[in-house]
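Data first, discussion second: the structure below is written as structure tokens.
Read the figures in this text as sums done on the coordinates, not as results from a lab. These figures come from a predicted structure and were not determined experimentally. Here Cβ is always computed from backbone atoms with ideal geometry, including for glycine, and neighbour counts include all displayed protein chains.
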Amino acid sequence: MYKSLFILLIIVILQMNSQFVWSQQTPTFSNYNYNTVLINPAHSGYYKDLDISLFSRGYFNPTDGSPRNIGVTINAPLRSKNVGLSGSVLSDQIGVTNTTQVSLSYAYKIRFDDNYRRPIWWAYNPHILSFGITGGLLSYNDNLLDLGITDDPEFQNNINALIPTVGIGALYNQNRVYVGIAAPNILGTTLASDDSIELDQVYYAYGGIRFFATRFEKLLFNPSIFFKYTDGAPLQVDFNTTMNYNNKITLGIGYRTSAAINCLIGFNLSNNIRFVYQYNQALRDSPLTNTHGIILSYRLGDGFKN
């Protein structure tokens, strides 16, 4: 039953000119809170030490063809504290559609007075205004022959294409407040090697605040909001809150307007290693089942300790 429903879903998606190749890559709760450079190049070089993150989502889903991805990001400051670089490799799959994207990002940061009072332990949060640009190459593959549809000419050949991508973003961050905006591919499919592919533009905006629950500064709250807009699709909004206790453990809960609950738990396994697990629970019937995701991060130098 699930397989039949999913094949039907894939057919609908492909008839919509493959626009789902971008919409399926909606950032998860863990990614845009703990691996923000995936969606915003302005986050490149944000940390004072090199950060390497491995991430995966959807590989424990029982449904054949359900969305899944795996990748790695490297985020590094340069000798100039105003410049940062990052790179990423992301492999994404849904049904018979597979994409692999390689990206390199650059950010220039305007730094403001950092002499504000900082808690002893919480995450590094410089007071900056950052602008970023990213360039990459997307390999797009639709293995339509695997569907076994013989009576429709649209499904008689596989689609393989290379799509150069360019994205931009901006970030304002201080110790209590942060706001970011990004457009991951302003070129769309202008330079695609196959003219039959149409990808809708996607835009992100997000922001949040940080505050302590008590004067003892042990429990840090971070309510946040995330917007995703795709041409021709409803606006998607995520409302999330994380709670960090003494820089040791993080718990998170949130709601996505596409009818899903986000849950998150993270541990600092050491000063340099952090593990984050996320679970998305769908609130209505869907062939796209509930999803598990993880991020494992290693940060050099002082790591996750101030």
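With both labels modelled 7 Å from their Cα along Cα-to-Cβ, the LEU78 to ASN158 distance reads 3.9 nm.
Between PHE112 and VAL179, the distance separating the two model label sites (each 7 Å from Cα on the Cα→Cβ line) works out to 1.1 nm. Annotation: extensible slack from LEU269 through LYS48 equals 77.6 nm (criterion: 0.36 nm per residue apart, minus Cα-Cα distance).
If a spin label sat at a point 7 angstrom from the Cα of PHE221 along the line to its beta carbon, the backbone N atoms of segment 233-261 nearer than 20 Å would be those of 238-256. Projecting the Cα positions of LEU199, ILE168, ASN247 onto the charge dipole of segment 160-293 (unit charges on Cβ atoms of Lys, Arg, Asp and Glu, taken about the Cα centre) puts ASN247 furthest along the positive direction. Checking the cross-link pairs LYS218/LYS305; LYS48/LYS81; LYS81/LYS218 against a 18 Å limit on the alpha carbon distance flags LYS81/LYS218 as lying beyond it.
Normalised by the number of residues in segment 138-278, the average gap of Cα pairs under 8 Å and 6 or more apart makes the relative contact order 12 percent. Maximal additional length on extending the GLN236-SER258 stretch stands at 7.3 nm, based on 0.36 nm per residue less the C-alpha distance. Note on THR100 and ASN141: their simple-model spin labels are 0.7 nm apart, each label 7 Å out from Cα toward Cβ. Percent of Cα-Cα pairs more than 21 Å apart in segment 216-283, please. In whole percent, the long-distance tail amounts to 35.
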